[in-house]
Every structure is written in C-alpha cells, then in structure tokens.
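Structure record follows, encoded as structure tokens.
The values are calculated or read from the model by the stated rules, or taken from the named source; none is laboratory data. The structure presented is a predicted model; accordingly, all values stated were derived computationally and were not measured. When we count neighbours, we look across all protein chains shown, and the Cβ atoms used for this are built from the backbone with ideal geometry, even at glycine.
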Amino acid sequence: MAKSRTSGQGRPRGVPNRINRDLREMILGALSDVGGAAYLARQAETSPAAFMALLGRVLPLQMAGDGGGAVTIQVVTGVRRWNDPQEKEEGCDRVDG
C-alpha cells in the first residue's frame, strides 16, 4: 500500500484519545468523591436499571468461568420465591438460592 503525505501523522494505534482519557479520569474522580463502591451499591438498589446499563458497558464482551467453562450468574432480588406452591400457602420461610 502506498503511503500518502499524511501517513503516520495521527495518533499511534492503541493509544487512547486524550479527551476520552481525561473524561474517564474526571468520572472516576467524581465517583471517588461520592463514596466509590458504597455509592455504586446504593445506586444498584435505588436505580437497578441504570446500574445494570452501566454494568453492561464496563464488563468485557466475552467472559469465561472457572477453567474456561460457562459463567454462573446468581441474581439476588430480595423477593421470596417458593419451590412448592404449598410452601407459599403455609408461609414457609424457605427461599430458593
């Protein structure tokens, strides 16, 4: 491939855009100012949809579990679920999990 007169004048491959880097640093600084992980935990409880959207953006696109196998996800909602309809009628405290 022939090189043009402007070849090689851009940002080198793999180097993040300076504006993106600065913005990320500002966001992380603001997160640190409001409590970091504790703040995110509160947001997960008060705004689960927004928190899950954030989670979807920061998790890697491909994940592997132990030994390269499937990933196991356990969703904890705080809502009681009974294995047997009779348990529900009896008010049993047994919860799936």
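Do we find that VAL95 is of a type in the set (Val, Ile, Thr), at pLDDT below 75 and part of a loop (DSSP other than H, G, I, E, B) in this structure?
Spelling it out, VAL95 is indeed of a type in the set (Val, Ile, Thr), at pLDDT below 75 and part of a loop (DSSP other than H, G, I, E, B).
Take the stretch 34-60 and flag every residue that is exposed (fewer than 10 other Cβ atoms within 10 Å of the Cβ) and under 11 Å from the mean Cα position of the chain (by Cα).
If the condition is that a residue be exposed (fewer than 10 other Cβ atoms within 10 Å of the Cβ) and under 11 Å from the mean Cα position of the chain (by Cα), then GLY56, ARG57, VAL58, LEU59, PRO60 are the ones that fit.
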